[in-house]
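*Asks:* Got a structure for you, questions after.
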Amino acid sequence: MTVAALATRVAHAGYVDHRFFGYSTLTELLGAETCLGLNVMAVTGRRIDRESLDMLDDLAVVMTIADPRIWPLKLTRVVASYGGTLAAFAAGQLCLEGDLLGPWSTMYAAMLWDELRTSVDHAGGTGLDAEIASMVARKSRLPGYGVPFRPRDERLDALRARVVRRDWQTRRYWSMQEAFSLRVHEARGIGPNIAAGASALLLDMGFAVPDVPAIMTVLMQNNFVANAVEGARQAPAALRSLPVDTATYVGEPPRQSPRALAALRGGHLPAEPPVEPITG
Amino acid sequence: MTSVPARVLDGPAEGQPWPETLTARVVTPGPRPRVHGYDVEDDLARHYRFGEAILLALTGLPPDPATGSAFEIALTFLSPLAVTEAPTHAALLARACAGSTAAVTGTAAVALAEHARWLVARHAPTLAWLEGGGDDEVPEIARALDDDERRSVRRLRDVLIERAAFQLPERDFGRDAALLAVLRLCGVRRAEQMELAIVASRLCTSVAEALAGARGALRDYPLNLPPFVYVEDAR
């Protein structure tokens, strides 16, 4: 029996101490690293500076929008209605691996900034404005743009104030995002949402594009935990089974199957078309 | 702790028009359920086997007897997923961690769904080839890797002919490709339908394997299979 060994940089469990991405947990990280810092290490394998951790805390706070009516959180509540916290939490995470909402949509916005930065670097002097104009004209869909149900994304406005307060507004990806947003608003009349700003900030902190969804997942956990915990404690019967009249059926009308019809006619099945092989 | 009413707050959930009811498209809510319009208790339960009812749920159409049998044969061929495969392995670990039956089943369901997604995506060339009529050369991913696979596909062909008069073309299919071809012949054509059929076929066997082990038997689990080697990068 031979199974190739798998390399891991994550951790090793010892008898008197443990390793985590190259650090002793009990002598180097204990007392020196924060919970958020450990989660950043879990994604990138490296420690992050205090200033960036503070910015990540700001980002987590502006993304705290834990209203149980929001779709992934409602999903969490519905599963929690049987009283299980972790099943509800896990289920809430599963629907986020797509480009419509949540952490992965932020990654697509980060890809936009990465592409824009590459274009500017290789443009040979045409400049940021020209590249932005070209990209806005070229791309039909712009991840990170469009604010549903309200004129502006209040989270991004709040984040912008924190960015200015921390004097991060001149960092490359953030300023690129701000210039891009102006152009998009002029050209299409839509504004940026939190994904546009969050992704730019994460790139400014040195995160790689593939790290973005995992970091965003970490930063949004409080929203899911809160709903899984309260939902499981309440375990409301109202969510376990809604009244029948809360659903409108729009499917096929009542009908009888061929076999039921044949039984009514005396047991003879109607003729079935022959099954054709896929090739001759 | 005494709860007090929150301030009257306004937001998108209050300020937008939203539908007031859920929309049901397959199963009628209420005491007399129908699936795609067919009465479950008085029609499907009388005239259709469980596998056929699954196929009806997937496609919206009650299958003819040959198609129903072929689909059930495909499900049966798909159903075993040994403990060496990730979904059953994961379910066994959930059992070893003293997870509840719900936790074991949920773990298996998630891993099976991932496995099915991976399998169907991997076979995109196979599905495109089948969609095109299957006249060209069989894509590489669809070909049998060894004689064990060829013998398995031979057994599939034989039982399809015996029990369903269902003919799988004589091509050098691998087992997975042959089973996807049968699903497609049964009307399960879209990738999402195939993924669901695969998960449905495997959930019970995977969880049964896990539940056959002792709950909380951490010491019985081979911790170093496969071995992990911890490496550190220079700081």
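The values are calculated or read from the model by the stated rules, or taken from the named source; none is laboratory data. Keep in mind that this is a model prediction, so the values were computed, not measured. Note that each Cβ is placed from the backbone with ideal geometry, even for glycine, and that neighbours are counted across all protein chains shown.
*Asks:* Condition test on A:V79, is it more than 18 Å from A:N193 (Cβ to Cβ) and out of contact with any strand residue (DSSP E or B) (no Cβ under 9 Å at 6 or more places or on another chain)?
*Replies:* So A:V79 passes the test.
*Asks:* Output the residues belonging to the stretch A:175-233 that are part of a loop (DSSP other than H, G, I, E, B), of a type in the set (G, A, S) and surrounded by 15 or more Cβ atoms within 10 Å (Cβ to Cβ).
*Replies:* Taking the stretch A:175-233 as the starting set, the residues that turn out to be part of a loop (DSSP other than H, G, I, E, B) are A:189-191, A:193, A:205-208, A:220.
So of that shortlist, the ones also of a type in the set (G, A, S) come out as A:189, A:191, A:206, A:208.
Across the stretch A:175-233, the qualifying residue is only A:G191.
*Asks:* Here's another thing I want to ask about it. Among the residues of the stretch B:88-99, is any surrounded by fewer than 22 Cβ atoms within 10 Å (Cβ to Cβ), over 30 Å from A:A90 (Cβ atoms) and touching an Asp or Glu at 6+ places or on another chain (Cβ under 8 Å)?
*Replies:* Within the stretch B:88-99, the subset surrounded by fewer than 22 Cβ atoms within 10 Å (Cβ to Cβ) is B:89-90, B:93, B:96-99.
Checking the rest, the ones that are also over 30 Å from A:A90 (Cβ atoms) come to none.
Scanning the stretch B:88-99 turns up no residue that is surrounded by fewer than 22 Cβ atoms within 10 Å (Cβ to Cβ), over 30 Å from A:A90 (Cβ atoms) and touching an Asp or Glu at 6+ places or on another chain (Cβ under 8 Å).
One line per residue, one yes/no per condition, for (1) touching a residue at least 12 places away in the same chain (Cβ under 8 Å); (2) among the aliphatic types (A, V, I, L, M):
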| residue | (1), (2) |
| --- | --- |
| A:L142 | yes, yes |
| A:D157 | no, no |
| A:A161 | no, yes |
| A:A196 | yes, yes |
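*Asks:* Give the number of residues within the stretch A:49-92 that are more than 10 Å from every other protein chain (Cβ to nearest Cβ) and farther than 21 Å from A:R155 by Cα.
*Replies:* Total satisfying the criteria: 13.
*Asks:* OK, next. Within the stretch A:11-20, count every residue that is closer than 15 Å to A:V40 by Cα and either facing chain B (nearest Cβ under 8 Å) or in contact (Cβ under 8 Å) with a residue 40 or more places away in the chain (or both). It would help to see each step written out before you state the result.
*Replies:* Start the filter on the stretch A:11-20 by keeping residues that are closer than 15 Å to A:V40 by Cα, which leaves A:11, A:20.
Filter once more, so that each one left must be either facing chain B (nearest Cβ under 8 Å) or in contact (Cβ under 8 Å) with a residue 40 or more places away in the chain (or both): A:11.
Selection size over the stretch A:11-20: 1.
*Asks:* May I ask you to list the residues in the stretch B:26-38 that are closer than 28 Å to B:L78 by Cα and either facing chain A (nearest Cβ under 7 Å) or not in a strand (DSSP E or B) (or both)? Steps first, please.
*Replies:* First pass over the stretch B:26-38, keeping only residues closer than 28 Å to B:L78 by Cα: B:26-27, B:34-36, B:38.
B:V26, B:R34, B:H36, B:Y38 - these are the residues of the stretch B:26-38 that are closer than 28 Å to B:L78 by Cα and either facing chain A (nearest Cβ under 7 Å) or not in a strand (DSSP E or B) (or both).
*Asks:* Shifting gears a bit: Hey, does the stretch B:154-161 have a residue that's within 18 Å of B:A116 (Cβ to Cβ), surrounded by fewer than 23 Cβ atoms within 10 Å (Cβ to Cβ) and within 14 Å of chain A (Cβ to nearest Cβ)?
*Replies:* The first filter runs over the stretch B:154-161 and keeps only residues within 18 Å of B:A116 (Cβ to Cβ), leaving none.
Checking the stretch B:154-161: not a single residue is within 18 Å of B:A116 (Cβ to Cβ), surrounded by fewer than 23 Cβ atoms within 10 Å (Cβ to Cβ) and within 14 Å of chain A (Cβ to nearest Cβ).
*Asks:* Out of (1) closer than 20 Å to A:S199 by Cα; (2) surrounded by fewer than 20 Cβ atoms within 10 Å (Cβ to Cβ), the odd one out for A:T85 is which?
*Replies:* (1)
*Asks:* Another one. Can you spot a residue in the stretch A:114-131 that is closer than 24 Å to A:G189 by Cβ and β-branched (V, I, T)?
*Replies:* no
Rundown of residues vs (1) of a type in the set (V, I, T); (2) at pLDDT below 95, yes/no style:
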{"residue": "A:V62", "(1), (2)": "yes, no"}
{"residue": "A:L75", "(1), (2)": "no, no"}
{"residue": "A:Y82", "(1), (2)": "no, no"}
{"residue": "A:E97", "(1), (2)": "no, yes"}
{"residue": "A:W104", "(1), (2)": "no, yes"}
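*Asks:* Restricting attention to the stretch B:39-57, report how many residues are part of a helix (DSSP H, G or I), more than 22 Å from the chain's Cα centre (by Cα) and either within 9 Å of chain A (Cβ to nearest Cβ) or touching a residue at least 24 places away in the same chain (Cβ under 8 Å) (or both).
*Replies:* Result for the stretch B:39-57: 4.
*Asks:* Considering only the stretch A:151-167, how many residues are surrounded by 13 or more Cβ atoms within 10 Å (Cβ to Cβ), of a type in the set (D, E, K, R) and either more than 17 Å from A:I65 (Cβ to Cβ) or in contact with a helix residue (DSSP H, G or I) (Cβ under 6 Å, 6 or more places away or on another chain) (or both)?
*Replies:* 4
*Asks:* If I filter the stretch B:71-83 for residues that are facing chain A (nearest Cβ under 10 Å) and either of a type in the set (A, V, I, L, M, F, W, C) or over 30 Å from A:R259 (Cα atoms) (or both), do I get at least one hit? First the steps, then the outcome.
*Replies:* Residues of the stretch B:71-83 facing chain A (nearest Cβ under 10 Å): none.
No - not one qualifying residue is present in the stretch B:71-83.
*Asks:* If you check every pair at least six apart or on different chains, which have Cβ atoms under 8 Å apart with a residue in the stretch B:58-69 that is farther than 19 Å from B:S201 by Cβ first and a residue that is of a type in the set (K, R) and in a helix (DSSP H, G or I) second?
*Replies:* So the pair list comes out as B:P62/A:R259.
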